[in-house]
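Chemist: For reference, the structure I am asking about is given below.
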Amino acid sequence: MADIDLMVPFRDADSAVEILCKNGWEAERPLPAKLTQEMKLCAHAIGFRDAFGLPLDLHWHLLHFCLDPGADDSFWAASTVSTFAGREVRILNPADQLLHLFVHGLEWCRTPGIRWISDACTVIRRSPDLDWERLIAEARQRNLVLFVRSALNYLADSFDVPVPGEALQSLNCLPVSARERYEYVALTQQGFISYSHLLGEGNSVLRNARVLYSSYRRNAEGAARYGLRLTRGG
């Protein structure tokens with residue numbers, strides 16, 4: 001691990017930012033007094049550091065692909081209660097944890113993200129009752145089938161991970177739109193630009209444009225479901 005990741009419900013993002021700032025955490029970029037609705041619909045997290053430089057990412061969305069206000073409702077509903085450092089917290093359903101690992105891990109990065117492999121193997125092997133149908137349904141609903149399909153086939157073929165044949169067959173047979181393929185290629189090929197590092201050195205203009213276009217389309221459509229509108233210059 002390189003940092004701490006904390007997730008709060010969308011509606012509690014402002015309160016969480018306020019609590020962190022009052023307790024000595026400093027945001028890595030200037031923040032308004034109150035997070036705007038558009039800001040929360042165009043980003044999934046904000047990075048903070050404490051006085052010793054320890055990094056913490058505050059998330060109000062699990063996935064940077066799915067940013068509308070209700071995008072994480074099903075994740076929260078399926079989460080379970082646990083205890084950490086004497087306090088009650090919620091942890092993701094194992095199927096949702098895998099979805100997050102696959103999407104985050106398969107994105108191209110200058111620092112190879114191979115940790116997702118060991119994490120995913122651990123989740124699967126420690127979750128004998130893992131809800132594979134839920135994983136497939138969430139991937140399909142969020143247009144992330146290619147991430148889940150590629151990851152599970154790779155784990156099953158290369159590490160003998162116990163993935164049910166029925167789950168692989170279902171994933172491999174699902175139709176995938178041209179738009180989803182376009183997005184997957186843009187995000188997984190070498191040199192892609194991540195949503196949080198828009199002007200990184202070495203990123204081509206074409207790749208930047210492809211990923212930014214996909215991000216805008218997803219965000220605008222999600223906002224529209226709640227009667228909101230994003231501007232292209234926002």
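The values are calculated or read from the model by the stated rules, or taken from the named source; none is laboratory data. Not measured: the values here are computed from a predicted model. Reconstructed Cβ throughout: ideal geometry from the backbone, glycine too, with neighbour counts over all protein chains shown. All accessible areas refer to the heavy atoms of the entire protein, side chains included, with ligands and DNA or RNA removed. Shrake-Rupley method; radii C 1.70, N 1.55, O 1.52, S 1.80 Å.
Chemist: Here are some conditions: (1) out of contact with any Phe, Trp or Tyr (no Cβ under 9 Å at 6 or more places or on another chain); (2) open to solvent by less than 70 Å² (accessible area, probe 1.4 Å); (3) modelled with pLDDT of 60 or more; (4) not small (Gly, Ala, Ser). Leu228 meets all but one. Which one does it not meet?
Modeler: (3)
Chemist: Of the numbered conditions (1) in contact with a His (Cβ under 9 Å, 6 or more places away or on another chain); (2) free of Cβ contacts under 8 Å to residues at least 12 places away in the same chain; (3) of a type in the set (D, E, K, R), Asp72 satisfies every one except a single condition; which is it?
Modeler: (2)
Chemist: Separate question: (1) part of a helix (DSSP H, G or I); (2) farther than 30 Å from Ile114 by Cβ: which one isn't true of Val81, the others all being true?
Modeler: (1)
Chemist: Shifting gears a bit: Pairs, please: C-beta under 8 Å, at least 6 apart or cross-chain, first residue more than 19 Å from Ala51 (Cβ to Cβ) and in the range 8-20, second in a helix (DSSP H, G or I) and open to solvent by less than 30 Å² (accessible area, probe 1.4 Å)?
Modeler: Close Cβ pairs (under 8 Å, with a partner that is in a helix (DSSP H, G or I) and open to solvent by less than 30 Å² (accessible area, probe 1.4 Å)) amount to Val8/Ala16; Phe10/Lys40; Ala13/Lys40.
Chemist: Considering every residue within the range 85-95, establish whether at least one is touching a residue at least 12 places away in the same chain (Cβ under 8 Å), of a type in the set (Lys, Arg) and not in a loop (DSSP other than H, G, I, E, B).
Modeler: There is at least one residue in the range 85-95 that is touching a residue at least 12 places away in the same chain (Cβ under 8 Å), of a type in the set (Lys, Arg) and not in a loop (DSSP other than H, G, I, E, B).
Chemist: If I filter the range 1-45 down to residues being under 15 Å from the mean Cα position of the chain (by Cα) and in a helix (DSSP H, G or I), which single residue comes out as surrounded by the most Cβ atoms within 10 Å (Cβ to Cβ)?
Modeler: Leu41
Chemist: Say we look at the range 73-116 and pick out the residues that are surrounded by fewer than 17 Cβ atoms within 10 Å (Cβ to Cβ) and aliphatic (A, V, I, L, M); which of these is nearest to Leu155 (Cα to Cα)?
Modeler: Restricting to residues being surrounded by fewer than 17 Cβ atoms within 10 Å (Cβ to Cβ) and aliphatic (A, V, I, L, M), the top hit is Ile114.
Chemist: For Glu138, state whether it is over 15 Å from Leu99 (Cβ atoms), open to solvent by 10 Å² or more (accessible area, probe 1.4 Å) and either part of a helix (DSSP H, G or I) or touching a Ser or Thr at 6+ places or on another chain (Cβ under 9 Å) (or both).
Modeler: Spelling it out, it is not the case that Glu138 is over 15 Å from Leu99 (Cβ atoms), open to solvent by 10 Å² or more (accessible area, probe 1.4 Å) and either part of a helix (DSSP H, G or I) or touching a Ser or Thr at 6+ places or on another chain (Cβ under 9 Å) (or both).
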